[in-house]
Amino acid sequence: MTRLSGSGDDQSSGPGDDPLSVALEVADAVDGLANLWSVAAQGASLRLSPHQLRALRILESEPGLNLTTLAEHMEIGPPTASRLCDRLEAAGLLERLLHPHRRREVQLVLTGRGRHVLDEVDARRSQALAAVLAAMEPGERAALSGGLRAFLTAQSDSGKETDDGGRGGR
């Protein structure tokens, strides 16, 4: 499927390519970015699986979730989420705290070390991505940035159309 780095017929023929051809090129770029993202994260002082990183990210954005809600966000079963949290807690990255108003509920909260690890992963990923972007010409970086903004806008607009039952009203 490598269309961005191939030669001859696999190369893009211009900005008017059909959406499927562009989708294949984007898929290749996403694979490359995912690999860069993963390799950069694995270079952090504490190596975490993508699943563990995802759990920490969710808890970073929604502190105090309970185990059931974390499992729902991650689309995994509560027993799997519990084992995941056991490992993260043993590593000192999260702690389980009693809910202040509901005695039976336990909240999951990042520790200072958990935040530090996420900051380190973010910094390593940003550095790796910046190194790749630095190898591009300024005009290419600007085009990529504009294209990504357009993609996010189109994705957002597409989601709005889906939310209203496909009627197209916004």
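I'd like to know if the range 128-141 contains one or more residues that are touching a residue at least 40 places away in the same chain (Cβ under 8 Å) and touching a Gly at 6+ places or on another chain (Cβ under 6 Å).
Initially, the range 128-141 is screened for residues touching a residue at least 40 places away in the same chain (Cβ under 8 Å), giving 128-129, 132.
Among the residues that remain, those that are also touching a Gly at 6+ places or on another chain (Cβ under 6 Å) are: none.
Within the range 128-141 (the criterion being touching a residue at least 40 places away in the same chain (Cβ under 8 Å) and touching a Gly at 6+ places or on another chain (Cβ under 6 Å)), the answer is no, since none of the residues qualifies.
Do we find a residue being assigned to a helix (DSSP H, G or I) and open to solvent by 40 Å² or more (accessible area, probe 1.4 Å) anywhere in the range 94-114?
Filtering the range 94-114 for residues assigned to a helix (DSSP H, G or I) gives 112-114.
Filter once more, keeping what is open to solvent by 40 Å² or more (accessible area, probe 1.4 Å): 112-113.
Yes, the range 94-114 contains a residue that is assigned to a helix (DSSP H, G or I) and open to solvent by 40 Å² or more (accessible area, probe 1.4 Å).
May I ask you to verify whether R87 is surrounded by 12 or more Cβ atoms within 10 Å (Cβ to Cβ) and modelled with pLDDT of 95 or more? Step through it out loud before you land on a result.
Values: surrounded by 12 or more Cβ atoms within 10 Å (Cβ to Cβ): yes; modelled with pLDDT of 95 or more: yes.
Judged against the criteria, R87 is a match.
I'm trying to understand the selection: among the residues of the range 22-31, which are surrounded by 14 or more Cβ atoms within 10 Å (Cβ to Cβ) and not hydrophobic (A, V, I, L, M, F, W, C)?
Within the range 22-31, E25, D28 qualify.
Kindly evaluate I76 against the criterion of being modelled with pLDDT of 95 or more and outside any helix (DSSP H, G or I). Give the derivation first.
Working: modelled with pLDDT of 95 or more: yes; outside any helix (DSSP H, G or I): yes.
For I76, the condition - modelled with pLDDT of 95 or more and outside any helix (DSSP H, G or I) - is met.
With respect to L59, is the statement that it is in a loop (DSSP other than H, G, I, E, B) and open to solvent by less than 40 Å² (accessible area, probe 1.4 Å) true? Give the steps one after another, and end with the answer.
Details: in a loop (DSSP other than H, G, I, E, B): no; open to solvent by less than 40 Å² (accessible area, probe 1.4 Å): yes.
For L59, the condition - in a loop (DSSP other than H, G, I, E, B) and open to solvent by less than 40 Å² (accessible area, probe 1.4 Å) - is not met.
The values are calculated or read from the model by the stated rules, or taken from the named source; none is laboratory data. Just so you know, these numbers come straight off a predicted model, no measurement behind them. Using ideal geometry, Cβ is built from the backbone for each residue, glycine included, and neighbour counts are taken over all protein chains shown. Just so you know, the surface numbers come from the protein's heavy atoms only, side chains and all, with ligands and any DNA or RNA stripped out. Shrake-Rupley method; radii C 1.70, N 1.55, O 1.52, S 1.80 Å.
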